[in-house]
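I have placed the structure first, in the form of structure tokens, so that the comments after it can refer back to it.
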Amino acid sequence: MSALKKYMLLLFLLIIGQVFSVYLNDISRDGVTVSWFTEEPSTSYLIVYDGSNESIHSDEEVTLHRFRVSGLLPGMSYAYTVKSEKDGEVIYKGNGILTTAPNRNTPFSFAAYGDSRNNYVVHSEIVNGIASENVPLVIHTGDIVSTDGAIEEWIDFFEVTEVLSDSVLYSVIGNHESEAINYLKFFAFPGNERYYSLWYGDIFFIFLNTNEAFDKYSQQYVWLLTQLEEAEEEDPAHIVVCLHHPPYSYGSHGDHLYLKEYLVPVFENYNVDLVLSGHDHGYQRIERNGVTYVITAGGGAPLYDITRGESLVASAKAFHYMLFNYTLEGLYGYSKTPEGLILDSFYIPKHN
């Protein structure tokens, strides 16, 4: 491990305080991962009120507290309480509601946004807008912070997103997360955590990492093909791919050549419906060969100008988030400002 990496991890242990509320990752139909932080090393306690009155407890004194809860029922909401003690005294206590992933043939809603970086004020407005939608699932399209090693920015992120503590959070790694040392420490995602997949109801989600190799000879590319082939057998209503860099863009960064070369053909061949990305700050909806590409990068980073293009169906130089409503017939998408103004709306029918 390099001296810089050691320094950043040491900084994490020394600086992190009792400022991160409870948050949820890695949802399934029967479980979820619950995490929280304390200022000083302390024991961990969690109880989910599922009727069993059983609690999970660890006597190991840590600052990062994390439990995997399982044995729950699909699509159900449960109250829970977490607690940490030091020398017999309670130094932190929190609570909330967790909701497991639904069974197939169940309508649900989810939200997405990206590129929040270190704009505390706008980011707060965005997540307050999302919180008002009461969605169980929130996706971040990367560039969560400006610098992965800046602990104070992570503190701000978790402070701002406290209003989303009853929603499960998923993300992709943005270029500003770089090697994602703290990103991988904070979040608990499935698989290798750098890229992974998720079934949520009828929708199959894939989260890619465009900061590492995705060419035809890479592990990530082979993994992607395997995931899509296996999902095809389960007959998803929709396939949604999430990644940070957009294949197509009419913003400042423009198209991503290698994404177009290696990943776009895969998206088209495997009937991917929706590709969510960030990076080019603002909102864009691009339609190419049956695939809807949405750039949702209006979470707080400075906005970019957007030019015109034949595949560009809608765009806005605006701070915003995405709201998606899945019905049993298809997926409705809305781009919304924090004040509730709808910038764009569209519909994607489910697979036949």
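Observations
- Low-density loop positions, GluC sites (Glu not before Pro), region 17-86 - DSSP coil, at most 12 other Cβ in 10 Å: 54
- Answer label for P(r) over Cα pairs in 10 Å bins from 0, in percent (calculated), chosen among (1) 5, 22, 28, 25, 15, 5, 1, 0; (2) 5, 25, 34, 25, 9, 1, 0; (3) 6, 23, 27, 18, 11, 5, 4, 3, 2, 1, 0, 0: (2)
- Rounded to the nearest 10 Å², the accessible area of residue 86 at probe 1.4 Å: 40 Å²
- Assuming charge only on the beta carbon of Lys and Arg (+1) and of Asp and Glu (-1), the dipole of the chain about its Cα centre is about 340 debye to the nearest 20.
- Selected from 128, 325, 192 as most flexible by GNM, with the chain as the system and alpha-carbon contacts under 10 Å: 192
- Accessible surface, region 78-180, averaged per residue in Å² (probe 1.4 Å): 35 Å²
- Helix 3-15 vs. the chain, principal-axis angle (Cα, 0 to 90°, nearest 10): 60 degrees
- Taking the chain as the region of interest, the number of lysine pairs whose Cα atoms are within less than 15 Å, with members eight or more places apart or on different chains, is 5.
- Relative contact order of region 74-201, pairs being alpha-carbon contacts under 8 Å that are 6 or more residues apart, as %: 24 percent
- Apportionment of accessible area to carbon and sulfur, the chain, percent (1.4 Å): 47 percent
- Accessible area in square angstrom per residue, region 306-352, 1.4 angstrom probe: 54 Å²
- Mean residue ellipticity at 222 nm, helices only, the chain: -5000 deg cm²/dmol; runs of at least 4 DSSP H residues each add -39,500 (n - 2.57), and the sum is divided by the number of residues.
- Those GluC sites (Glu not before Pro) in region 257-352 that DSSP places in a loop and that have at most 10 other beta carbons within 10 Å: 310, 339
- Rounded to whole numbers, the Karplus 3J(HN,Hα) couplings from phi for region 127-142 are 5, 5, x, 5, 4, 5, 7, 6, 8, x, 9, 10, 10, 10, 8, x Hz, using 6.51 cos²θ - 1.76 cosθ + 1.60 with θ = phi - 60°, and x at Gly and Pro.
The values are calculated or read from the model by the stated rules, or taken from the named source; none is laboratory data. Not measured: the values here are computed from a predicted model. Cβ sites come from the backbone with ideal geometry, for glycine too, and all protein chains shown count toward neighbours. Heavy atoms of the whole protein, side chains included, go into the accessibility calculation; ligands, DNA and RNA do not. Shrake-Rupley method; radii C 1.70, N 1.55, O 1.52, S 1.80 Å.
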